[in-house]
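To start, the structure itself, in structure tokens.
The values are calculated or read from the model by the stated rules, or taken from the named source; none is laboratory data. In this text the structure is predicted, and so the values were computed from the model without any measurement. No Cβ is skipped: glycine too gets one built from the backbone with ideal geometry, and neighbour counts run over all protein chains shown. Accessible surface is based on the protein model in full, side chains and every heavy atom, while ligands, DNA and RNA are left aside. Shrake-Rupley method; radii C 1.70, N 1.55, O 1.52, S 1.80 Å.
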Amino acid sequence: MSKFWNDKIKEIEPYTPGEQPKDKKYIKLNTNENPYPPSSKVIEKIKSMNLEDLKLYPDPDVMELGKVIAEYFSNKINDKVTHKQVFIGNGSDEVLAFIFMTFFNAGDKVYYPDITYSFYPVYADLFNVKEVKIPLNDSFEIEIQKYFGLDGHIIIANPNAPTSIALKLDEIEEIVKNNPNQLVIIDEAYVDFGAESAVKLINKYDNVLVVQTFSKSRFMAGIRLGYALGSENIIEGLNRLKFSFNSYTIDRISIEAGIESFKDDEYFEKTNAKIIQTREKTVEKLKKLRFNVLNSSANFIFISHNKVFAGDLYKQLKENGVLVRYFAKDRIDNYLRITIGTDEEMGIFIEKLEEII
Ligand SMILES: *Cc1c(COP(=O)(O)O)cnc(C)c1O
């Protein structure tokens, strides 16, 4: 504490990222990174870059990457998406922070589930926005009727975190339709592991904003790239904010890595399919060990056991070299969130679990 901190910094409770241990080699199943490396095209491109160019600022409009992303989604949804509908940020966490700064006034309400990505409450506090938490039902599902006709913008992670459960596209569309005067922000950090993207809605509705990241399904948590897709006017707002804050949020290396990543669709599809396969095998084994496993559309699973307390399991797994995520929070303090690693890593995880229970 310093007397120079402002009032907000004195009172805010910052987000706690999952541990990135430096002491010991763990099987790291705690921060939902992809266990596989970036596409070899990305790696080759970075190695062949003329690093002397780093003396120059990067393109503040990130135009080339924006065009590649726009073209990718044009093909994917069979409808025209232009680079003016793409905003690129330094990780989707930054994109989300910019969304708060662009679309909320101090004192506005923001709606999200009571159990969801724990960064949203931090942003709400930081930007003086009033959070309204809508409870998930007893099966940890979002009840869409509770999101109709609200008087504030809405944020939904789809699939939700840490529950791993996804809404269907038509359910998202119902929420969008029933809030024509509110922005519906869909955080699709995990969408490529088994849910359907709401990008299909961006040309149909002017109140939907889709956020995605390179950190999970694009194997590049270390490069810091995220983006949002929406109508041109919505995206223009985000650019006004960015150019009032920091014109150069994306460095030259990240731009090249992002472009190459989108060019290697085959690696993207094949590798994420492998993660889904590993997830399904792991779920089967956990069910045999009598774990309750929520229905996952993500690269992680959310599990509990009625005989062994999750907090104890977390500790014992850590002692045995396996790091998972535990949240000592209301309603979910008997659950563990387990990132899906390689087959080999998940094999060891199951072995350790068997020993413990
Ligand atoms: C991981 C994650 C993010 C942040 O991703 P970055 O692009 O690495 O900042 C955003 N939302 C959710 C729900 C996430 O799990």
| query | Taking interchain pairs and intrachain pairs at least six residues apart, which have beta carbon atoms under 8 angstrom, with the first residue in the stretch 287-298 and at positive phi and the second assigned to a loop (DSSP other than H, G, I, E, B) and open to solvent by 100 Å² or more (accessible area, probe 1.4 Å)? | reply | 290/306; 290/307
| task | Go over the candidates 196, 143, 174 one by one and state the one that is away from the ligand (no atom under 16 Å from the Cβ), open to solvent by 30 Å² or more (accessible area, probe 1.4 Å) and touching a Phe, Trp or Tyr at 6+ places or on another chain (Cβ under 8 Å). | result | 174
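Report the residue count in the stretch 199-213 for those that are surrounded by fewer than 19 Cβ atoms within 10 Å (Cβ to Cβ), touching a residue at least 12 places away in the same chain (Cβ under 8 Å) and not in a helix (DSSP H, G or I).
3
Being among the β-branched types (Val, Ile, Thr) and surrounded by fewer than 19 Cβ atoms within 10 Å (Cβ to Cβ) is the filter here; which residues of the stretch 326-355 pass it?
342, 348, 350
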| task | Hey, could you check the stretch 232-264 for residues that are part of a helix (DSSP H, G or I), more than 24 Å from residue 209 (Cβ to Cβ) and charged (D, E, K, R) and say which is least open to solvent (accessible area, probe 1.4 Å)? | result | 260
| query | Could you list, in sequence order, the residues of the stretch 309-325 that are open to solvent by 60 Å² or more (accessible area, probe 1.4 Å) and either under 20 Å from residue 299 (Cβ atoms) or among the small types (Gly, Ala, Ser) (or both)? | reply | none
| remark: If you go through 57, 26, the only one that is at pLDDT below 95 and over 22 Å from the mean Cα position of the chain (by Cα) is 26
| query | Taking the stated definitions as given, is residue 82 over 21 Å from the mean Cα position of the chain (by Cα) and more than 16 Å from the ligand (Cβ to nearest atom)? | reply | yes
| the stretch 214-225, residues that are of a type outside the set (A, V, I, L, M) and either more than 9 Å from the ligand (Cβ to nearest atom) or buried (at least 24 other Cβ atoms within 10 Å of the Cβ) (or both) | 214, 216, 217, 218, 219, 222
| note | Checked against (1) in contact with a helix residue (DSSP H, G or I) (Cβ under 6 Å, 6 or more places away or on another chain); (2) without any contact (Cβ under 8 Å) to a residue 24 or more places away in the chain, residue 336 satisfies every condition except (2)
| query | Out of all the residues in the stretch 1-60, which are farther than 29 Å from residue 271 by Cβ and touching a Pro at 6+ places or on another chain (Cβ under 9 Å)? | reply | 13
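It is to be established whether one or more residues within the stretch 119-130 are surrounded by fewer than 16 Cβ atoms within 10 Å (Cβ to Cβ) and away from the ligand (no atom under 15 Å from the Cβ).
Looking through the stretch 119-130, at least one residue is surrounded by fewer than 16 Cβ atoms within 10 Å (Cβ to Cβ) and away from the ligand (no atom under 15 Å from the Cβ).
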| task | Within the stretch 90-113, track down each residue that is open to solvent by 10 Å² or more (accessible area, probe 1.4 Å) and either assigned to a helix (DSSP H, G or I) or within 15 Å of the ligand (Cβ to nearest atom) (or both). | result | 90, 92, 93, 94, 97, 101, 102, 103
